[in-house]
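Enquirer: I'd like to ask you about the structure that follows.
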Amino acid sequence: MNKRTRVVLSAPLLACSLALGPAAAAVWAAAPQALPSAQCFVEAKPGDATKSIITGEGFTKGTKVTVDQTDGPGGVLVTVGEDGKFSVADQPNGKYTAGGGGLNATCLGGQAAQDAVNKNAVDAARKAGATEGFTIGKELAQAGNCDAKPKAKPVPQGLVPDAASQKAAKEAHDSAFDAAFNAAIKRYCTD
């Protein structure tokens with residue numbers, strides 16, 4: 001990329017960050033990337049080493065999803081629930097893909113699945129913290145309570161991340177909450 005293109009592309013970002021202020025720019029810069037629209041996981045069935053449980057999330061509710069075993073003859077058609085998730089048990093061990101409603105995912109297993117679950121937990125906690133912090137800060141500031149201090153709510157749990165990622169998710173949530181809360185107080189108490 002040449003020097004002129006870099007200046008042209010980075011100038012709007014710089015202008016936005018200056019207009020928003022440093023706290024809001026920090027929250028914006030720290031905002032996680034959108035989670036993939038569809039994810040799929042393979043985990044061993046407890047008590048039966050020959051079987052797996054396949055779960056998916058982020059699919060379109062009510063659609064049919066084909067869960068295919070890519071390294072064997074297994075496969076099944078499932079209906080996605082109202083929450084965008086599906087689960088199917090007692091499948092042969094192997095590698096799987098899931099697809100339906102225009103969405104496709106390679107089902108992750110083992111450490112790759114755990115890593116994805118951990119990342120999702122941290123990203124979701126950071127996003128929730130920023131949203132909650134700004135909302136609460138704005139409400140307090142508009143009510144005239146400009147000396148309020150941030151107090152984060154507990155992190156909601158979805159998929160089960162490992163202990164280190166649960167701690168990282170809480171830290172990401174609280175940090176994003178504090179930054180967004182302070183940005184809202186600053187914005188609405190100085191206007």
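The values are calculated or read from the model by the stated rules, or taken from the named source; none is laboratory data. Predicted, not measured: the structure shown is a model, and the values here were computed from it. With ideal geometry, Cβ positions are generated from the backbone for all residues, glycine too; neighbour counts draw on all protein chains shown. Keep in mind that these areas ignore ligands, DNA and RNA; they rest on the heavy atoms of the full protein, side chains included. Shrake-Rupley method; radii C 1.70, N 1.55, O 1.52, S 1.80 Å.
Enquirer: Do any strands (runs of 3 or more DSSP E) lying entirely in region 84-191 carry at least 1 residues that are under 18 Å from the mean Cα position of the chain (by Cα) and modelled with pLDDT under 90, and which ones are they?
Expert: Result: 103-109.
Enquirer: On to the next question. Restricting attention to region 80-102, and to residues there that are in contact with a Gly (Cβ under 7 Å, 6 or more places away or on another chain) and not charged (D, E, K, R), which single residue is farthest from Thr50 (Cα to Cα)?
Expert: Here the residue is Gly84.
Enquirer: Moving on. Among the residues of region 61-83, how many are in a strand (DSSP E or B) and over 25 Å from Pro161 (Cβ atoms)?
Expert: Residues flagged as in a strand (DSSP E or B) and over 25 Å from Pro161 (Cβ atoms) within region 61-83 amount to 8.
Enquirer: Something else: Under the condition of being more than 10 Å from Gly56 (Cα to Cα) and among the β-branched types (Val, Ile, Thr), which residue from region 73-83 is farthest from the chain's Cα centre (by Cα)?
Expert: Of everything passing the filter in region 73-83, Val76 is farthest from the chain's Cα centre (by Cα).
Enquirer: Let me ask something additional. Out of region 38-81, which residues are open to solvent by 70 Å² or more (accessible area, probe 1.4 Å) and either under 23 Å from Asp123 (Cβ atoms) or of a type in the set (Lys, Arg) (or both)?
Expert: Glu43, Lys61, Lys64
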